[in-house]
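**Student:** Mind looking over this structure? Questions follow.
The values are calculated or read from the model by the stated rules, or taken from the named source; none is laboratory data. Because the structure is a prediction, the values reported are computed rather than measured. Note: ideal-geometry Cβ built from the backbone for every residue, glycine included; neighbour counts use all protein chains shown. Accessible surface is based on the protein model in full, side chains and every heavy atom, while ligands, DNA and RNA are left aside. Shrake-Rupley method; radii C 1.70, N 1.55, O 1.52, S 1.80 Å.
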Amino acid sequence: MKKNFLSTLKTPFFYYIESYGCHMNTSDTEIIISILSKNGFLLTNNLKKAHIILLNTCAIRKKAELSIEKRLDNLRYLKSNNQKIPLFGILGCLSKSEKYSNLIDFSIGPNSYRKIPDIIRLVMMNDEKKIKIHFYYLIIKMKHMKILVPIHNKKKITTFLSITRGCDNMCTFCIVPFTRGRERSSSPYSIIKECENLYEKGYKEVTLLGQNVDSYLWFGGGLKKKIKIDNSNEKIIDFSRLLDLLASKIPFMRIRFSTSNPHDMSDRVIEVISKHSNICKHIHLPVQSGSNKILKLMNRKYTIEKYLSLIQKIRSIVPECSISHDIITGFCNEEEEDHLETISLMNKVKYDYGYMFSYSPRPGTYAYKKLKDNVPENVKKRRLKEIIDLQRIHSIFRMKKYLGTIQEVLIEGKSKKNNQDWYGRNTQNIVVVFPKKLSKIGETVFVKITNCTSATLIGKIDDNENK
Ligand code: SAH
Ligand code: F3S
């Protein structure tokens, strides 16, 4: 009998994985690790020991793509002489890319992670030098799915959990609907069960993730099939109800969520945030632009007037809530007056913090195909710098309000700058750094704020409050 390649290798197989991009990718990487470990593959941090090298990639902006290309170039030496091992696998949103096809043995898109072990075995068993399996983009017809569970890590106390996958919003600049497919929501049973499980395992905080988390919707398979939760038969569970259920079922676990598209955020969600002390008081509310003309070109489905009234609602119902943003500068047809409208919006809201990007056209999107990328690079850069500088001023303004106050902080780990300090976050998602004293990771402590930078609060444990 012909010996296949797999049988010539010594098991177990070691794999090495790197993760790029957003929180969802970080969480997906933990899901992949969970799937591979259940199938007998072993994780290694040592590149040279690995039989399989996996890069979980991001395609959201050109810059992300370039950094992965650079990394692949750096890793190329590991596969000299056209040898079969290590196998190179590209996972995630760049799996469709044909670049580097001479180095890559297989690529698997974000909707096919359950198939990873089978695909690796298939590639290994093939006696050819290499085969290519592009399992990238399944159009999933089902509206709901069982949740994919990330690996549980004993050292961690905070984690992410994706409750929706894909996105139906079709913002014209965004590649996500093309790389991750149609939006689907996980069953509330599997979400609640996994969160309870996380709490039992020692996690103290979970962040519910979705590209557009507020549009979470479960309708339990039609009218006949109702959902039995807490003695009530519910036919439909939307995001506000899910939050409400979770917050009551795991009252000592902090709950965060991201990302909220302003178009989909309901009043009920804001009310549920105010009702439960364990739902953190922070909303990430990407606006993308302060100009209605640009929002329309982006297909964002809200106006600045609506956005501002949403902010007002949040601040009146949950006054202590922090608000962060994403903004893109230099989108197609953005003129100076549109940019000034973005600046004016920022001045009105005075966000706590934000993520700012200069527009990069992504192949396949509406903007790439139909609109002109007509803002010169130097203008994009200048506008980006202006909004980053302005955000810094607003962040400092917000941070100064914490001076002298006492903040409840969940300790997450050692501060990067000083081994003797902890870092953690308050409910508003602001990082707080303070000397350790006798406290431990995973504890919630009260910290008196004595100083700040534009991104960090600095303080010391308040002995009176912690008694
Ligand atoms: N689902 C989120 C966004 C996910 S992508 C939402 O509702 O807004 C994260 C951020 O990347 C976006 O908010 C946007 O600011 C930025 N981004 C996405 N595509 C981009 C592109 N082509 N160029 C520059 N920035 C982009
Ligand atoms: Fe992208 Fe818009 Fe969805 S930014 S992820 S298409 S909400």
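**Student:** Using the crude model of +1 on Lys and Arg Cβ and -1 on Asp and Glu Cβ, and no other charge, please compute the dipole size for the stretch 406-461 relative to its Cα centre, in debye to 20.
**Tutor:** 200
**Student:** Over all Cα pairs of the stretch 16-73, how is the pair count split among 10 Å bins, expressed in % and running from 0 up to the last occupied bin?
**Tutor:** Over the stretch 16-73, the share of Cα pairs per 10 Å bin runs 22, 48, 27, 3 percent.
**Student:** Shifting gears a bit: Along the charge dipole of the chain, which of ILE270, ASN299, TYR15 sits closest to the positive end, that is, farthest toward it, with unit charges on the beta carbon of Lys, Arg, Asp and Glu (+1, +1, -1, -1)?
**Tutor:** Result: TYR15, furthest along the dipole toward the positive end.
**Student:** Rank these residues by their accessible area, most exposed first, probe 1.4 Å: MET346, MET125.
**Tutor:** If we order MET346, MET125 from most to least accessible, we get MET125, MET346.
**Student:** Suppose a student asked you for the relative contact order of the chain, using Cα pairs under 8 Å spaced at least 6 residues apart; what percent would you report?
**Tutor:** Relative contact order here is 10 percent.
**Student:** Let me ask something else about it. Using square roots of five times the C-alpha gyration tensor eigenvalues, list the equivalent-ellipsoid semi-axes of the stretch 406-461 in whole Å, biggest first.
**Tutor:** Over the Cα atoms of the stretch 406-461, the semi-axes work out to 14, 12, 10 Å.
**Student:** Just the accessible area for ASP118, please: 1.4 Å probe, Å², rounded to the nearest 10?
**Tutor:** Rounded to the nearest 10, that gives 90 Å².
**Student:** Right, another one. Keeping every protein chain in place, order LEU371, LEU87 by accessible area at 1.4 Å, biggest value first, i.e. largest first.
**Tutor:** LEU371, LEU87
**Student:** What residues qualify as long-range amide H neighbours of SER162, i.e. H under 5 Å apart, gap of 5 or more or another chain, H built at 1.01 Å from N?
**Tutor:** LEU209
**Student:** How large is the Kirkwood hydrodynamic radius of the chain, in angstrom, based on all distinct alpha carbon pairs?
**Tutor:** Over the chain, the inverse of the mean reciprocal pair distance is 24.1 Å.
**Student:** Right, here's the next one. Ignoring ligands, DNA and RNA, what accessible area per residue does the stretch 344-467 give at 1.4 Å, in Å²?
**Tutor:** Here the residues of the stretch 344-467 average 56 Å² of exposed surface.
**Student:** So how do SER266, SER101, SER291 rank on accessible area, 1.4 Å probe, biggest first, that is with the largest at the start?
**Tutor:** Largest to smallest exposure gives the sequence SER101, SER266, SER291.
**Student:** Just to be sure I understand: of the beta bridges DSSP finds with both ends in the chain, what percent are antiparallel, rounded to 5?
**Tutor:** Percent antiparallel among DSSP bridges in the chain is about 40.
**Student:** Averaged per residue, what accessible area in Å² does the stretch 274-327 show with a 1.4 Å probe, protein chains only?
**Tutor:** For the stretch 274-327, the solvent-accessible area averages 38 Å² per residue.
**Student:** Would you work out the charge dipole size for the stretch 144-280 about its Cα centre, treating the Cβ of every Lys and Arg as +1 and the Cβ of every Asp and Glu as -1, and quote it to the nearest 20 debye?
**Tutor:** About 560 debye.
**Student:** Under the definition of Cα pairs under 8 Å and six or more residues apart, what whole-number percent is the relative contact order of the stretch 406-461?
**Tutor:** Once normalised by length, the contact order is 35 percent.
**Student:** So, with +1 on the Cβ of K and R and -1 on the Cβ of D and E, and no other charges, what is the size of the charge dipole of the chain about its Cα centre, to the nearest 20 debye?
**Tutor:** 1300
**Student:** Right, here's the next one. With the full set of protein chains in place, find how many percent of the accessible area of the stretch 335-467 is carbon and sulfur; take the probe as 1.4 Å.
**Tutor:** 53
**Student:** Let me ask something additional. Karplus couplings for the stretch 261-273 from phi (6.51 cos²θ - 1.76 cosθ + 1.60, θ = phi - 60°), rounded to Hz, Gly and Pro as x?
**Tutor:** Those phi angles translate into 7, x, 4, 9, 7, 9, 4, 4, 4, 4, 5, 5, 4 Hz.
**Student:** Based on the mean of other Cβ atoms within 10 Å per residue, sort peptides 55-62, 186-193 so the most packed one is first.
**Tutor:** Averaged packing, sorted descending, gives the order 55-62, 186-193.
**Student:** Can you list, by residue number, the Cys in the chain that have no neighbouring cysteine C-beta under 4.7 Å?
**Tutor:** Cysteines of the chain left without a disulfide-compatible partner: CYS22, CYS58, CYS93, CYS167, CYS195, CYS280, CYS321, CYS332, CYS452.
**Student:** Same structure again: Hey, what's the Kirkwood Rh for the stretch 144-280 if you take every pair of different alpha carbons, in angstrom?
**Tutor:** In the stretch 144-280 this quantity evaluates to 15.5 Å.
**Student:** Taking 0.36 nm per intervening residue step and subtracting the Cα-Cα distance, what contour gain separates SER80 from GLU18 on full extension?
**Tutor:** Between SER80 and GLU18, full extension yields an extra 20.3 nm.
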